[in-house]
1. Filter the stretch 23-37 down to the residues that are open to solvent by 50 Å² or more (accessible area, probe 1.4 Å) and either under 21 Å from Leu246 (Cβ atoms) or in contact (Cβ under 8 Å) with a residue 12 or more places away in the chain (or both) and list them by number.
2. What are the residues in the stretch 191-217 that are of a type in the set (A, V, I, L, M, F, W, C) and open to solvent by 10 Å² or more (accessible area, probe 1.4 Å), if any?
3. Scan the stretch 200-229 residue by residue and report those that are touching a residue at least 24 places away in the same chain (Cβ under 8 Å) and part of a loop (DSSP other than H, G, I, E, B).
4. So, of the residues in the stretch 38-77 that are in contact with a strand residue (DSSP E or B) (Cβ under 6 Å, 6 or more places away or on another chain) and in a helix (DSSP H, G or I), which turns out to be most open to solvent (accessible area, probe 1.4 Å)?
5. Kindly list the number of the only condition in (1) in a strand (DSSP E or B); (2) modelled with pLDDT of 95 or more; (3) not β-branched (Val, Ile, Thr) that fails for His154.
6. Every residue in the stretch 145-195 that is without any contact (Cβ under 8 Å) to a residue 40 or more places away in the chain, in contact with a helix residue (DSSP H, G or I) (Cβ under 8 Å, 6 or more places away or on another chain) and over 18 Å from Gly128 (Cα atoms), please.
7. Under 20 Å from Ser53 (Cβ atoms), at pLDDT 95 or above and under 13 Å from the mean Cα position of the chain (by Cα): does that describe Leu101?
8. Kindly indicate which of Ala182, Ala188 is among the aliphatic types (A, V, I, L, M) and open to solvent by less than 10 Å² (accessible area, probe 1.4 Å).
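The values are calculated or read from the model by the stated rules, or taken from the named source; none is laboratory data. None of the values given here were measured: they were computed from a predicted structure. So basically every Cβ, Gly included, is an ideal-geometry build from the backbone, and we count neighbours across all protein chains shown. These area figures cover heavy atoms from the full protein model, side chains too; ligands, DNA and RNA do not enter into them. Shrake-Rupley method; radii C 1.70, N 1.55, O 1.52, S 1.80 Å.
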Amino acid sequence: MGMKRTPPLSDRPLIGITTRNRNDEGNFIAPGRYIDAIRAAGGIPILFPPGESEPQVLLSLVDGLVLTGGGDLCPSTYGEDPEHPKVRYVNSERDRFEVALAEAVMSQGIPVLGICRGMQLLNVVSGGKLIPHVPDVYDELDHFNPEDRKPIHHKVSILSSTRLQQIIGAEEISVVSWHHQAICDVPAGWRLSACSTDELIEAIEHETHPWAVAVQWHPEFTFEEAEHFRLFQEFVRATRQFSPRLAGMVSNTGPTPQVA
């Protein structure tokens with residue numbers, strides 16, 4: 001008769017992190033800096049590859065979710081022409097999976113951090129639409145370089161009296177962007193929390209959800225910098241605070257995370 005296995009208990013929050021769809025070699029890929037940032041902030045990362053037919057089962061295992069960057073959402077997810085000539089790297093399997101995840105974390109009050117595509121996804125499931133190609137509306141060089149597709153460094157203004165401003169502790173920061181899509185308008189239930197100099201929407205936060213923040217830039221690229229790391233720290237702290245699994249196990253403050 002086999003021995004009964006008792007899973008070890010940990011006061012570290014379990015954080016789901018979405019991965020990209022399969023590459024040409026059949027592998028699911030997750031950029032390592034998302035994982036490094038969550039670990040440095042005190043969380044335990046668990047990768048969520050697209051294709052799972054029961055996303056609710058995955059969410060039941062974790063205390064929070066990071067919706068990561070990647071290819072474009074198909075315009076059909078927000079009621080537009082799926083044949084837009086500038087839309088690229090669309091994957092229907094990933095779209096279906098992450099739409100289901102995003103809807104669930106919003107309805108269940110699970111802490112969520114949306115990054116780039118993740119922000120666009122939260123916007124779409126909340127009834128918003130996207131700009132399929134930023135250069136159609138804004139100066140493309142402020143947000144991505146079409147020649148070599150390298151990230152762009154630029155300034156972002158953070159609105160006062162927002163959760164994001166309280167987290168970062170500054171009214172302006174330098175960020176790293178890598179996108180050619182953006183959200184059109186702030187959807188119902190959310191509020192604007194940051195914008196770029198050309199007024200492109202750079203961050204939104206939910207007004208009633210326990211903790212839902214989304215940014216258009218890539219804070220994982222620069223998580224060693226204190227202002228960007230605080231975003232991951234506060235997210236992980238929120239997952240500990242609102243986790244039914246961790247309730248009563250530890251105080252809400254938890255151990256002080258350190259940058260690796």
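1. We begin by selecting, within the stretch 23-37, every residue open to solvent by 50 Å² or more (accessible area, probe 1.4 Å); these are 23-25, 27-29, 33, 36.
Scanning the stretch 23-37 gives Phe28, Arg33, Asp36.
2. Step one: filter the stretch 191-217 for residues of a type in the set (A, V, I, L, M, F, W, C), giving 192, 194-195, 200-201, 203-204, 211-215, 217.
Across the stretch 191-217, the qualifying residues are Leu192, Cys195, Ile201, Trp211.
3. Leu200, His209, Pro210, Trp211, Gln216, Trp217, His218, Phe223, Glu224
4. Of everything passing the filter in the stretch 38-77, Leu58 is most open to solvent (accessible area, probe 1.4 Å).
5. Condition not satisfied by His154: (2).
6. Pro146, Ile152, Leu159, Glu171
7. Yes; evaluated as a whole, the condition is true for this residue.
8. After ruling out the rest, the residue left standing is Ala182.
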